[in-house]
Amino acid sequence: MTAPILRTKRETKPLLRRLLRLERQGRYAEALAEFGDDWRDDAYLPRVDEFEPVLATSLLIRFGCLIGYAGHVESIPGSQERSRDLLMDARLRAFAIPDHEMAAACENGLALTYWRTGEYREAEVWLGEALARELPPSCDERLFSHVISMLVRGNQQRNERNVEYASLVEGDFILNGDPFLVGNLHSNLGLSFKNLGRPDKALHHLTIARDQFRLARHWTYFSAVENNLALLYKNVGNFAAAHAAADSALARHKKLKDRIREGSTLETKAQIFLAEGRSEGALAAVEHAIKILRKGENNAYLAEAIATKAKIFAACANFADALLTLSEAIDITRIHSGEPAARKLIKEFEPLLSPRPKGERPETSAGGLEIVLTHPLAYDRQYRGVWVQNSFLEEIGVGHGTLALVEPGIPKRGQPVALAVNKTNEVVCGFYDAEFGIIGIDGGGHEPMLFPDDEVTVVGKIVAVCRKERGGAGKMIAEPISSHR
């Protein structure tokens, strides 16, 4: 089925500008309506051959990209495959002209279709094609290739590489990017800093992204940033702010009828409930999320939601259901994202799926010492042991030369923490503070130690101190300490 666009050649160039503007505001259905009312029909094609090759190819690129975007938002079955077919046709037309920027536009669109289905290896192949083309750094499609590259790496948890990559291309965005492109750069960078445990930098970049998407009037991406801010607040233990941000994102996703992101934000709500210890709320939210996501094609979002459900079961010591649920998430990840991604998911769950009896539980530490974890330390957590090399925390019983247990995560202000100095790998401990890109520790009347946040890594919050004399030969008893001074 084909349909005319009913535009003269003179009208088509303004139409192309309007289509791109609507696309970059997330108004996909409105843009597609310019091609005709039957665009949802799989057999529907716009009649473009009546135009010269450049205009015909440009129209087909926009139509193919918009089908992918709208199909993702509305959970239209087969939409990503349809988008690929359209963009492959447009790419062949671009070669015939020839026009490298148009070809790159097709390859960027193809990469996005594979990102949406969680097929990151294929996405990287098409990005490689786009980035290999000789285009100026100021070119819109080159900047968009950078954005998609960071998006894919973010989903692969290649966060250090994203930070490094952004430092190389940020100048091109400042000089040539519109609010849509600049917002995407900072959104991806903020997510990577969040995943690297650097909340101050994450908040900085996510706030810029939110402001840029407001300028672009892209309310879908604006709400996606709110969702990511909810996850950031959850990580630092500010659950009230986390729920508020997630609820705001959820309301806007519903208003925009963005089903796929509605499901993703429900999964975020489940994570917040789980972090609060509210397992019933977590399970209800994640089951709603999974029900929505099963109707779409974003397999990565679906696998993530199913994995969160497995974590909820594990937190409730329901290991049989946790394993059964996890196996589905692993299968989806292996099929669509590859064996390495599946193995990474398995490794993430290893410490969660070892049944732990109530009461005391022995663990072997470095040097052959047996650490006995007493209640409430013996419940479903990971710990690292660090030898304390300073005396900032003596007032709470964590003196120089003692072995402390550290729980990974982002501490709150005033909590006892361990920091690793990146250049020397030295571990220093004290009461935590952070502001304006500076991380500090103090305690015991000593002069505070201050570090730029890129010079130290937060190992985690100190939750216990190990006392050998209480445990007998070869044993150490881990006893909880106060979480604040």
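Quick notes on this structure:
- Here Arg381 meets each of (1) modelled with pLDDT of 70 or more; (2) surrounded by fewer than 19 Cβ atoms within 10 Å (Cβ to Cβ) with one exception, condition (1).
- Within the range 410-439, restricting attention to residues that are outside any strand (DSSP E or B) and under 26 Å from the mean Cα position of the chain (by Cα), the residue that is farthest from Ala275 (Cα to Cα) is Asn422.
- Count of residues meeting criterion [in a helix (DSSP H, G or I) and either touching a residue at least 40 places away in the same chain (Cβ under 8 Å) or assigned by TED's automatic domain parsing to the domain that holds Glu276 (or both)] in the range 193-203: 5
- Answer from Leu112, Leu127, Leu131, Leu87 - the residue that is under 27 Å from Ile335 (Cα atoms) and touching a Cys at 6+ places or on another chain (Cβ under 7 Å): Leu87
- Yes/no for Glu287 being in a loop (DSSP other than H, G, I, E, B) and either among the acidic types (Asp, Glu) or at pLDDT 95 or above (or both): no
- Qualifying residue in the range 21-28 (condition: under 32 Å from the mean Cα position of the chain (by Cα), of a type outside the set (A, V, I, L, M) and under 17 Å from Ala90 (Cβ atoms)): yes
- Filtered by the rule that a residue be in a helix (DSSP H, G or I) and in contact (Cβ under 8 Å) with a residue 24 or more places away in the chain, the range 251-264 gives Arg252, His253, Leu256, Arg259, Ile260, Arg261, Glu262, Gly263, Ser264.
- Selected residue (criterion: farthest from the chain's Cα centre (by Cα)) from residues of the range 307-322 that are under 12 Å from Ala282 (Cα atoms) and crowded, with 21+ Cβ neighbours inside 10 Å: Phe313
- The condition of being over 34 Å from the mean Cα position of the chain (by Cα), modelled with pLDDT under 75 and of a type in the set (Asp, Glu) holds for Glu469.
- Among the residues making up the range 132-162, a single one is surrounded by fewer than 18 Cβ atoms within 10 Å (Cβ to Cβ) and of a type in the set (A, V, I, L, M): Ala132.
- Boolean, Ser187 is surrounded by fewer than 18 Cβ atoms within 10 Å (Cβ to Cβ), under 20 Å from the mean Cα position of the chain (by Cα) and not acidic (Asp, Glu): no
- Flag for Glu407 being under 31 Å from the mean Cα position of the chain (by Cα), under 21 Å from Val236 (Cα atoms) and without any contact (Cβ under 8 Å) to a residue 60 or more places away in the chain: yes
- Scope the range 207-250; condition over 30 Å from Glu407 (Cα atoms), charged (D, E, K, R) and part of a helix (DSSP H, G or I); matching residues: Arg210, Asp211, Arg214
- Check on Ala105, closer than 21 Å to Lys13 by Cβ and buried (at least 24 other Cβ atoms within 10 Å of the Cβ): yes
- Pro351 vs. criteria part of a loop (DSSP other than H, G, I, E, B) and either within 30 Å of Ala329 (Cα to Cα) or at pLDDT below 75 (or both): yes
- Residue check for Leu135: farther than 17 Å from Asn228 by Cβ, outside any helix (DSSP H, G or I) and either over 20 Å from the mean Cα position of the chain (by Cα) or of a type in the set (A, V, I, L, M, F, W, C) (or both): yes
The values are calculated or read from the model by the stated rules, or taken from the named source; none is laboratory data. Just so you know, these numbers come straight off a predicted model, no measurement behind them. Backbone-built Cβ (ideal geometry, glycine too); neighbour counts: all protein chains shown.
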